[in-house]
Amino acid sequence: MAELQLDPKKTALVLIDLQNGIVAMNPVPHPAAQVVENSRKLAETFRAHGAPVVYVRVDLNDFRKLPVDQPQRMGDGPLPDALSEIAPSAGFQTGDILVTKRHWGAFAGTDLEQQLTSRGIDTIVLTGISSNIGVESTARQGTGLGFAFVVVEDACSAQDAEQHTFAFEKIFPRLSRVRSTAEVLASLA
């Protein structure tokens with residue numbers, strides 16, 4: 001595995017769905033608190049190097065309207081807006097970019113591509129919940145747009161360990177570079 005070297009002038013951190021309604025779940029293999037903590041450490045370091053930090057959230061009420069065979073079970077009626085807000089522990093700061101998505105991936109129907117390309121970004125470091133859903137969809141869409149990715153294994157998690165493992169063993173190594181939080185932090189030091 002090649003040593004990771006990231007240029008903060010061309011690299012952004014994108015954090016997927018670290019919002020109240022998602023971090024309240026019990027993802028595995030990494031607990032939500034660990035995913036949030038590792039993502040927050042990365043965000044602090046990216047900011048310190050002048051690199052963009054992007055928080056992506058899903059509007060859960062819009063998302064529930066998608067016609068699917070296995071809808072997310074979240075009760076009847078509209079959900080409280082607070083469930084779609086970034087969790088305070090995730091460390092969103094003034095100056096960070098906030099993107100609201102209505103689908104699995106962060107590029108579809110949002111201005112994320114424009115936000116990144118206008119800043120000269122060509123590489124994205126990606127974290128979040130769920131590994132095989134929002135994170136994977138964002139990586140798939142973004143690679144199709146020409147972005148390079150680094151997916152941070154210990155800053156991601158899924159609804160079950162098998163889904164996470166499959167994404168990190170079979171999918172992400174073909175779409176991106178897979179690294180740990182420590183490796184990404186070291187690449188910016």
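The values are calculated or read from the model by the stated rules, or taken from the named source; none is laboratory data. The shown structure was predicted, so the numbers you read here are calculated from the model rather than taken from an experiment. As a convention, Cβ positions derive from the backbone with ideal geometry for all residues, glycine included, and neighbour counts pool all protein chains shown.
Quick notes on this one:
- Taken residue by residue, the range 86-101 has no member that is of a type outside the set (D, E, K, R), modelled with pLDDT under 95 and closer than 24 Å to GLY144 by Cβ.
- Where PRO8 falls short, out of the listed (1) surrounded by 15 or more Cβ atoms within 10 Å (Cβ to Cβ); (2) out of contact with any His (no Cβ under 9 Å at 6 or more places or on another chain): (2)
- For PHE92, the requirement of being over 21 Å from GLN19 (Cα atoms) and either surrounded by 14 or more Cβ atoms within 10 Å (Cβ to Cβ) or in contact (Cβ under 8 Å) with a residue 60 or more places away in the chain (or both) is not met.
- All positions within the range 78-109 that are in a loop (DSSP other than H, G, I, E, B), of a type outside the set (Gly, Ala, Ser) and within 22 Å of PRO31 (Cα to Cα): GLU85, PHE92, TRP104
- In the range 137-159, the residues that are closer than 20 Å to ARG57 by Cβ and aliphatic (A, V, I, L, M): ALA139, VAL151, VAL152, ALA155, ALA158
- Taking residues in the range 162-188 that are over 13 Å from THR127 (Cβ atoms), and partners anywhere that are in a helix (DSSP H, G or I) and basic (Lys, Arg), the pairs with Cβ atoms closer than 8 Å and at least 6 places apart or on different chains are LEU175/ARG140.
- Screening PHE166 against (1) more than 14 Å from the chain's Cα centre (by Cα); (2) buried (at least 20 other Cβ atoms within 10 Å of the Cβ) leaves a single unmet condition, (2).
- Looking only at the range 121-148, and only at residues there that are of a type outside the set (Gly, Ala, Ser) and part of a strand (DSSP E or B), the one that is farthest from LEU188 (Cα to Cα): ILE129
- When PHE63 is tested against (1) closer than 24 Å to PHE147 by Cβ; (2) at pLDDT 95 or above; (3) surrounded by fewer than 23 Cβ atoms within 10 Å (Cβ to Cβ), only condition (2) is not met.
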